[in-house]
Amino acid sequence: MNAMKKYVAEIFGTAALVILGCGTAMLVGCDAASGCGYLLTALAFGLTIVGMAYCVGNISGCHINPAVSLGVLINGGMSVKDFFGYVISQCIGALAGSGILAAIFELGDKKDMTGGFGSNGLGGVGGSAVAGLLVEIVLTFFFVLTILGVTSKKANHGSFGGVVIGFTLVLVHILGIGLTGTSVNPARSFGPALVAAINGNTAPMGDLWVFLVGPLVGAALAAVLHRWFESAKNAK
């Protein structure tokens, strides 16, 4: 039953991230001319993480991201069984969130400014999959390394850990939105891309692998470096 509570928390948290983050991107269109859309979308994703950290963090740890779960797994913070349970739950949550956005925008007769339910793309890097992959690896690396550091047993951030993590996500979005739309989260990319395809826009599915592989690689590298940092501390 405890495991089920964790999985439900991950579904809820990931759905909230997609609804509030991708929904904001759909609404404001991430206007590159003024930068206002960039900041609004970055803040929407980051502030959602802050809220969810204090909402479901005490239940599941508030991963709501397969890349984060992979980092925690590599660092020995969860079992393989729980890892797969979390990832499946996160994908379900992302699909549910994307479906809710589709219903809201269709029933409300609102134009989807991004054309893909907030899905990611390679337009900002000239369509280069290699450049997009590098962007996602680097941004996820910094994001997950921050999470692992903040949540380390030796960290002393009190009740401010969720704020630090949330504003780190804001930061990586400020750089990444204009390049790839910023994924750093395979579930967040998977849900919108699949719902967009169901609604007739299959374009996001073509580059989806970049936003699945990149964050996972970045997270794995962050986890390895964090383990090395921790081992160096213990050796003193």
- Would you mention how many residues in the stretch 173-186 are within 13 Å of residue 134 (Cβ to Cβ), of a type outside the set (A, V, I, L, M) and assigned to a helix (DSSP H, G or I)? 1
- Do you know which residues across the stretch 56-102 are within 22 Å of residue 226 (Cα to Cα), among the small types (Gly, Ala, Ser) and either at pLDDT below 95 or out of contact with any His (no Cβ under 7 Å at 6 or more places or on another chain) (or both)? 57, 60, 61, 67, 71, 76, 77, 79
- Message: Go through the stretch 181-213 and report how many residues are farther than 22 Å from residue 13 by Cα, modelled with pLDDT of 95 or more and crowded, with 24+ Cβ neighbours inside 10 Å.
- Response: 1
- Residue selected from the stretch 187-236 under the condition assigned to a loop (DSSP other than H, G, I, E, B) and not polar (S, T, N, Q), by the criterion nearest to residue 63 (Cα to Cα): 207
- If residue 222 passes every condition in (1) within 20 Å of the chain's Cα centre (by Cα); (2) farther than 19 Å from residue 145 by Cα but one, which one does it miss? (2)
- Query: Mind checking which residues of the stretch 24-46 are in contact with a Leu (Cβ under 6 Å, 6 or more places away or on another chain) and at pLDDT 95 or above?
  - Reply: 44, 45, 46
- Task: Please work out which residue is nearest to residue 15 (Cα to Cα), limiting yourself to the stretch 150-180 and to residues that are crowded, with 16+ Cβ neighbours inside 10 Å and small (Gly, Ala, Ser).
- Result: 166
- Hey, residue 51 closer than 24 Å to residue 168 by Cα, touching a Gly at 6+ places or on another chain (Cβ under 9 Å), part of a helix (DSSP H, G or I) and of a type in the set (Gly, Ala, Ser) or not: yes
- Message: Need pairs with beta-carbon distance below 7 Å; first residue over 15 Å from residue 220 (Cα atoms) and within the stretch 74-89, second not in a helix (DSSP H, G or I); sequence gap 6+ or separate chains.
- Response: 86/63
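The values are calculated or read from the model by the stated rules, or taken from the named source; none is laboratory data. Just so we're clear, the structure is a prediction, and the values are computed from it rather than from any experiment. Note that we place each Cβ from the backbone using ideal geometry, even for glycine, and neighbour counts take in every protein chain shown.
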